[in-house]
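Single-structure report; data block below.
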Amino acid sequence: MSKIHVTTKVNGDEVEFLCDPRETMLDVLRDHLNLTGAKEGCGTGDCGACSVTVDGRLVCSCLMLGAEAEGKEIATVEGIANGEALHPLQTKFIEYAALQCGICTPGILVAAKNLLEREPDPTEEQVRYWLAGNLCRCTGYDKIIRAVMDTAADMREAS
Amino acid sequence: MALDKPGEDYEGRTSYTHVGTRVDRPDGLDKVTGRAKFGADAHAPGMLHGAIVRSPHAHAKILKIDTSKAEALAGVKAVVTRADFATGLEGEEWNVLENVMASDTALYDGHALAAIAATSSLIARDAVKLVEVEYELLPHVTDVDEAMKPDAPVIRAGQQSKLVPEGMHPNVVNYYEGGHGDMDAGFAEADLVIERHFTTEAAHQGYIEPHAALATLGADGKGELWCCTQGHFIVQKTCAALVGIDTSQLRVTASEIGGGFGGKTTVFLEPLALALSRKSNRPVKMVMSRSEILRATGPTSSASMDIKIGMTKDGRITAGKGVFRLQGGAFPDAPAGMAAECSFAPYNLNAVSIEGYEVMANRPKQAAYRAPGSPMAAFAVESVVDELCKALELDPIETRLKNASREGTKAAYGPTWDRIGLVECLEAAQAHPHMQAPLRESEGRGVAAGFWFNHGGETSVSLALSEDGTAQISVGTPDIGGSRASMALMAAEILGIEYENIRVTVADTATLGYNDVSHGSRVTYASGLATINAAKDAVGKLCDRAAQRWGIDPEAVIWEDGCAKPAGPNAGQFDPMPLKEITQRMGRTGGPISGHFEATPEGAGVSFGVHIVDAHVDRETGKTSIDRYTVIQDAGKAVHPTYVEGQFQGGAAQGIGWALNEEYVYGEDGRLQNTVFLDYRIPVASDLPMIDTVIVEVPNPGHPFGVRGVGETGICPPLAAIANAVSGAVGVRMTSLPMSPPKILKALKEQ
Ligand code: FES
Ligand code: FES
């Protein structure tokens, strides 16, 4: 089966890969680019563990074909921290214990960061609905919501 | 053992330096940056990808499996069927093998029949479609009550234990009975007796991380296995038996685990990946899809239950009877006995009778799910208690306090309680502002208690000191909720060094003695106790070295604030010797200093919790929303309070899903209808309120710091508390879970 050649940007770096037409962006990230931060929890767009942004838009990478990445800018959890400086959300998630097992954490961080970029002052309801596509089975969401709200408050203060 | 003074732990400590603080977890950074390695994140050079052929039928004889077309596909390297696994297994090992690879009969929709390894997962999946299986369809049954009827199809003959009362259908495979007192006299004493039938559907643990394994096994019988599991030692033992090699020749490493809740306490993919690797002579990676997880791993049992309780006008329970029928899939071991044992645990009863039936049906083999058996039993019993309180116009918490189990109460299943914290939890509930808050229209408030045994289990821990005065600890219980932090906190307390100077690793099976699975809420209790004792073992050796240096008797040295000190003025005048000073010289003074502990601790200490919930029901759509939720639970001693709260909140959230929405839906054809998260819908962030927590601390006499497990009890009260709230909101007693909108609308219509 012939493969498709794709040139794209991931976390700011230019990358090229060959993928099967059936492979998803998530498969490409994990199996070809060795970026295993995005997780597959369902493969059907229901759990958000595979969340990435494509040209700034939040998407489930399991629902996107690798071939669709041509010419796009992809951002994953691996690109959230800046060198050794963590993003405020990352620090707050550790401090609040907003993760138990941590399998949902990469997707939730990507989604929450995307929310705060659009809406620096979200209500609890907005956070809950924005993250409604990200399943967490461990925490009951309480500490996740608090961590996101509190990060937003800190970031507003700092800016 | 009782506490000598209030506020003192069992070793006389009145305060802690580390235990009880909210430190950052050691795996936090890895997990927020995406670099933590979970099950599916491993790769190996030359690795193949596996896929599984599964039965689309609920019950069918397998007449023939033709794999020739699949084998001929370019890129396919190995195909295995039951013939590639060990023969002559017995008991649970045979059951596990039969579950992961069928022999002659497909017992449920999704039952594995063959596995294939190929150079890519796409090829492996294509090859699965090329396998031709000839079936002879057999009649099936998926409902627990139907499976017990005389004309029900027999799932597997010859499985019935001798304990099962005569004349019962062969699908009833085990029976449990317990209780004490005169039931007739008890019910005769009551002013009101209520008897009701309850059902609950199977719910899946719903861990977000799929099962995944990467295996290497050679013809020399030596293997390596990486997998996400709650217990890699049981994986080692089981897989070795299933593929017919020696236990010690298989080294199993536990990955970071993305949730388990009991569902990752057994094996599914692991033996298949090993067999494929042996046959192909290449490493083989296998990862389940979500629909495979829902169809073919273990959800919890569905249940059918009858409860009868008598109460006097002033709220005294005079007798309680419960019958629990639990469906465990096509295998024995549904937690019917545990359901029965947990059912009346919160009550001090003179007359109580409990029975449990384990029933087989054409469903996947049930697996543990957080306090297996207890949540459904609590749902049934606490619903009837609530109904009695309402009918007799009694306060639900007052009434529970009046009948509460305490130290010295004899439980229905035999034991007499040691120190327990139910009364303290009920008092905390009574005092909580939630109980006084006004309710809006169509909103009900529910209260319920719950119980879990907690567990000790086989445990080994090793602790090694480094020359710079830091410590590394090897535990054998995978960290499913922050236990590495808790172990380090407990060790820091004993060693008297900083939390940051201790690193805890989940060691692989080749580097530590056997450890039971991370289940039964046992890790902070048992691995914690072993960590404390391993640290004490090292402290003893540190004191010996100090004694040697000072030229005094080792008994004359004590350990305090991270230093060896002379025990008293008679021991001699020496400056305190810090840990680091001793470890720096350890090479010259007798060699490395380590501490070890191996045991099967028995003092886990049972745990109780009380939940309060406000639920609103939309009378037009039948949809329930949870408006307010409070969890109150005895933790004995909270080692890391934030993680204790997290366990309480997570248990409550899973209970909310089970109570309102989650269920296995089987079609007429016996196939599972809802095999993706869209249809098997677990609670999302917008479904839930904040979940308030109150940590009650009634120390467990079986642990030096008083720790009790906290992982499971949190899922015991929610089904009942929510059912009581919803019943109050709609004015109809809800007796069947989940209380989905159609069921609520039906109840409202029949009102
Ligand atoms: S894996 Fe993409 S949404 Fe679940
Ligand atoms: S922390 Fe485990 S799924 Fe979210």
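The table for this structure:
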| quantity | calculated |
| --- | --- |
| Diffusion constant of the protein assembly as shown at 4 °C, which comes from Stokes-Einstein with the Kirkwood Cα-pair radius and 1.567 mPa s, µm²/s | 45 µm²/s |
| Built amide H within the under 5 Å cut-off of B:I593, gap 5+ | B:L465 |
| Net charge over other residues, Cβ less than 10 angstrom from the Cβ of B:I593 (K, R count +1; D, E count -1) | -1 |
| Relative exposure of B:H640, B:H232, A:H87, judged by other C-beta atoms within 10 Å (fewest first) | A:H87, B:H640, B:H232 |
| Sequence ranges B:291-302, B:727-738, ranked by mean other-Cβ count within 10 angstrom, highest first | B:291-302, B:727-738 |
| Ranked packing of B:179-186, B:673-680, B:607-614, B:437-444, most packed first, by mean Cβ within 10 Å | B:607-614, B:673-680, B:179-186, B:437-444 |
| DSSP beta bridges in chain B [antiparallel fraction, %, rounded to 5] | 75 percent |
| Length-normalised contact order of chain B in % [C-alpha pairs under 8 Å, at least 6 apart] | 15 percent |
| Cβ charges +1 (Lys, Arg) and -1 (Asp, Glu), total dipole of region A:88-158, debye | 280 debye |
| Listed residues B:A185, B:G206, B:Q159: farthest to the positive end of the dipole of region B:46-369 (Cβ charges) | B:G206 |
| Table column - 3J(HN,Hα) (Hz), region B:488-502, Karplus curve with 6.51, -1.76, 1.60, x for Gly and Pro | 5, 5, 5, 5, 4, 4, 7, 6, x, 10, 6, 3, 5, 8, 10 |
| Among A:V110, A:V54, A:V15, residue whose mean-square fluctuation peaks in a GNM of chain A (springs only between Cα atoms under 10 Å) | A:V15 |
| Rg/Rh for region B:46-369, where both radii come from Cα atoms and Rh is the Kirkwood radius | 1.06 |
| For A:140-151, mean number of other protein chain Cβ atoms within 10 Å | 5 |
| Potential extension, B:Q673-B:D575 segment - 0.36 nm per residue separation minus Cα distance | 28.0 nm |
| Theoretical ellipticity at 222 nm over chain B - DSSP helices of four or more residues, -39500 (n - 2.57) apiece, nearest 500 | -8000 deg cm²/dmol |
| Lysines whose Cα lies under 24 Å from that of B:K64, excluding same-chain neighbours fewer than 8 positions away | B:K77, B:K129, B:K279, B:K365 |
| Per-residue [θ]222 nm for chain A (sum of -39500 (n - 2.57) over DSSP H runs n ≥ 4, rounded to 500) | -9000 deg cm²/dmol |
| Rounded, prolate or oblate (a/c below 1.5 giving rounded, otherwise prolate when a/b exceeds b/c) for region A:70-130 by Cα gyration tensor | oblate |
| For B:A319, residues with placed amide H under 5 Å, excluding near neighbours | B:G310 |
| Beta bridges per DSSP with both ends in the protein assembly as shown, % antiparallel, nearest 5 | 80 percent |
| Spherically averaged projected area in nm², based on the convex hull that wraps the Cα atoms of region A:4-79 | 4.2 nm² |
| Anisotropy class of chain B from Cα gyration tensor, a/c 1.5 cut | oblate |
| Relative packing of peptides A:38-48, B:243-253, B:569-579 - highest average C-beta neighbours within 10 Å first | A:38-48, B:243-253, B:569-579 |
| Lys, Arg +1 and Asp, Glu -1 on Cβ, resulting dipole of region B:1-151 about Cα centre, debye, nearest 20 | 840 debye |
| Number of partner chain Cβ atoms within 10 Å, mean per residue of B:645-655 | 5 |
| Among A:T53, A:L29, A:I4 the positive-end extreme of the charge dipole of region A:4-79 (Cβ point charges) | A:T53 |
| Sequence-distant lysines (8 or more away, or on other chains) whose Cα lies within less than 19 Å of A:K92 | A:K113, A:K143, B:K31 |
| Selection from B:G39, B:L529, A:V127 lying farthest towards where the dipole of the protein assembly as shown points positive, charges on Cβ | B:G39 |
| Compactness index (Cα Rg / 2.2 N^0.38 Å), chain A | 1.04 |
| Average beta carbon contacts from partner chains per residue of B:33-45, 10 Å cutoff | 5 |
| Dipole magnitude of region B:46-369 about its Cα centre (Cβ charges: Lys, Arg +1; Asp, Glu -1), debye to nearest 20 | 1240 debye |
| Proximal aspartates and glutamates to B:K637, defined as alpha-carbon separation beneath 17 angstrom and excluding residues fewer than eight positions away on the same chain | B:D4, B:E8, B:D9, B:E11, B:D418, B:E424, B:E493, B:E645, B:E697, B:E712 |
| Cα centroid of region B:64-89 to Cα centroid of region A:52-99, whole Å | 40 Å |
| Derived scalar couplings ³J(HN,Hα) [region B:302-314; Karplus, 6.51 cos²θ - 1.76 cosθ + 1.60; whole Hz; x for Gly, Pro] | 8, 9, 10, 9, 10, 10, 9, 9, x, 9, 7, 4, 8 |
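Readers should treat all values here as calculations from the given coordinates under stated rules, not as data from a laboratory. Quantities reported herein were computed from a predicted structural model and do not represent experimental measurements. Note that we place each Cβ from the backbone using ideal geometry, even for glycine, and neighbour counts take in every protein chain shown.
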